[in-house]
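Remarks on the structure that follows.
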Amino acid sequence: MDKRQVGKSELHIAPLMLGGNVFGWTADEATSFRILDAFVDAGFDAIDTADVYSRWAPAGGGASEKVLGAWFKASGKRDKVVLATKLGMEMGEGKKGLSAGYMVEAVEASLQRLQTDVIDLYQSHRDDADTPLEETAEAFERLVKAGKVRVIGASNFDSGRLNAALDLSEQKGLARYESLQPLYNLFDRAGFEKDLQKVCVERQVGVIPFSGLASGFLTGKYRSPDDFGKSPRGGRMGRYLDDPRGQAILKALDEVSATHGATQAQVALAWIMAQPGLTAPIASATSVEQLNDILGAARLKLSADDLGKLDVASAPKVDA
């Protein structure tokens, strides 16, 4: 399987990244272990999580990292994984942001939960306007030099702040953001394509978008409000179905998937993989069956006609 470079860094990953947001939440530890084993055994290697997963659930923040750490210890497969995690979201008691002092605390907590000595890709989960970019960049540089972090990345940054952070790192000779995690899928295109995609392509920043399946909408299992009860995320489907683009996208997915004997999820992820500058979409699974489905996207090659049909159906609205 061909691997893709993460920005200008030495990290290379398979064309699909496993999302760890479900570990310890909608996938218990035993199920998570089976998913992780199947993922790595299938030849894939990149796993993304965050310290805040899943603060909204009974298990609390750090649950996903703890599951991953337990799996590393039980399986002995840490050396087969490119491990990505994030910091900066509210962890309680004022623990948030990208200040130098908090970053030292956050990385140590993540390393302990993950039961590892180094994080391969450590990402700012969101921008922190209250902390100078220089303070954050210098803190990341210290973490890299200390061997606790190999490469750094950003998530949920706008184009202006990403450019400013890249400029600063270049001017100061500091570790730079080698990747960006934006919201991007067939339905949610405008935010990334407006400005961010150009920045990432021109400055060679790898792109690992989250929500590649739009919370499950792009699997095709939500066709009407009657389907909302199919999963805990079903309540989010209204915004997709109420938009005429939602139905148009489902129709195009149905047609392309029928042509290839593929599933709608596979087609939706393969479309992302085919976009300029994209490194690997992130997708999560709550069962080995779901995992095997999404992994099929890496073997699916969409034609120019397929991509054109999907592009037209999902074209963002243009403001008048």
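The values are calculated or read from the model by the stated rules, or taken from the named source; none is laboratory data. What you see is a predicted model, and the numbers here were worked out from it, not measured in a lab. Neighbour counts run over all protein chains shown; Cβ positions are idealised from the backbone, glycine included.
Of the residues 154, 175, 165, which is small (Gly, Ala, Ser), in a helix (DSSP H, G or I) and touching a strand residue (DSSP E or B) at 6+ places or on another chain (Cβ under 9 Å)?
Just one listed residue meets the conditions, 165.
Return the pairs, sorted by first residue and then second, in which the second residue is of a type in the set (S, T, N, Q) and assigned to a helix (DSSP H, G or I), the first residue lies in the range 294-310 and is touching a residue at least 40 places away in the same chain (Cβ under 8 Å) and within 11 Å of residue 272 (Cα to Cα), the beta carbons are less than 7 Å apart, and the residues are 6+ apart or on different chains.
297/266
Please work out which residue is farthest from residue 12 (Cα to Cα), limiting yourself to the range 281-300 and to residues that are among the polar types (S, T, N, Q) and part of a helix (DSSP H, G or I).
290
Is there a residue being in a loop (DSSP other than H, G, I, E, B) and over 24 Å from residue 179 (Cα atoms) anywhere in the range 6-23?
Checked the range 6-23: no residue is in a loop (DSSP other than H, G, I, E, B) and over 24 Å from residue 179 (Cα atoms).
Considering only the range 178-280, give the helices (runs of 4 or more DSSP H) lying wholly within it that have at least 2 residues that are over 29 Å from residue 123 (Cβ atoms).
The helices (runs of 4 or more DSSP H) meeting that bar are 238-241, 244-260.
Working only within the range 128-154, note down all residues that are closer than 19 Å to residue 111 by Cβ and either in contact with a Cys (Cβ under 6 Å, 6 or more places away or on another chain) or not basic (Lys, Arg) (or both).
Step one: filter the range 128-154 for residues closer than 19 Å to residue 111 by Cβ, giving 136, 139-153.
The answer is 136, 139, 140, 141, 143, 144, 146, 147, 149, 151, 152, 153.
Inside the range 26-125, counting only helices (runs of 4 or more DSSP H) that do not spill past its ends, which hold 2 or more residues that are within 18 Å of the chain's Cα centre (by Cα), buried (at least 22 other Cβ atoms within 10 Å of the Cβ) and not polar (S, T, N, Q)?
Numbers: elements: 29-41, 63-75, 100-114.
Answer list for the range 26-125: 29-41, 63-75.
Please go through the range 118-153 and pick out each residue that is touching a helix residue (DSSP H, G or I) at 6+ places or on another chain (Cβ under 6 Å) and under 16 Å from residue 96 (Cβ atoms).
Scanning the range 118-153 gives 127, 135, 139.
Please find, among 229, 246, the residue that is over 30 Å from residue 45 (Cα atoms), surrounded by 20 or more Cβ atoms within 10 Å (Cβ to Cβ) and without any contact (Cβ under 8 Å) to a residue 60 or more places away in the chain.
246
Just to be sure before I move on: is residue 242 closer than 28 Å to residue 287 by Cα, of a type in the set (D, E, K, R) and either out of contact with any helix residue (DSSP H, G or I) (no Cβ under 9 Å at 6 or more places or on another chain) or at pLDDT 95 or above (or both) in the structure I sent? I'd like the intermediate steps shown before the answer.
Numbers: closer than 28 Å to residue 287 by Cα: no; of a type in the set (D, E, K, R): yes; either out of contact with any helix residue (DSSP H, G or I) (no Cβ under 9 Å at 6 or more places or on another chain) or at pLDDT 95 or above (or both): yes.
For residue 242, the condition - closer than 28 Å to residue 287 by Cα, of a type in the set (D, E, K, R) and either out of contact with any helix residue (DSSP H, G or I) (no Cβ under 9 Å at 6 or more places or on another chain) or at pLDDT 95 or above (or both) - is not met.
Counting just the residues of the range 177-221 that are of a type in the set (Asp, Glu) and closer than 19 Å to residue 310 by Cβ, which one comes out surrounded by the most Cβ atoms within 10 Å (Cβ to Cβ)?
So the residue we want is 188.
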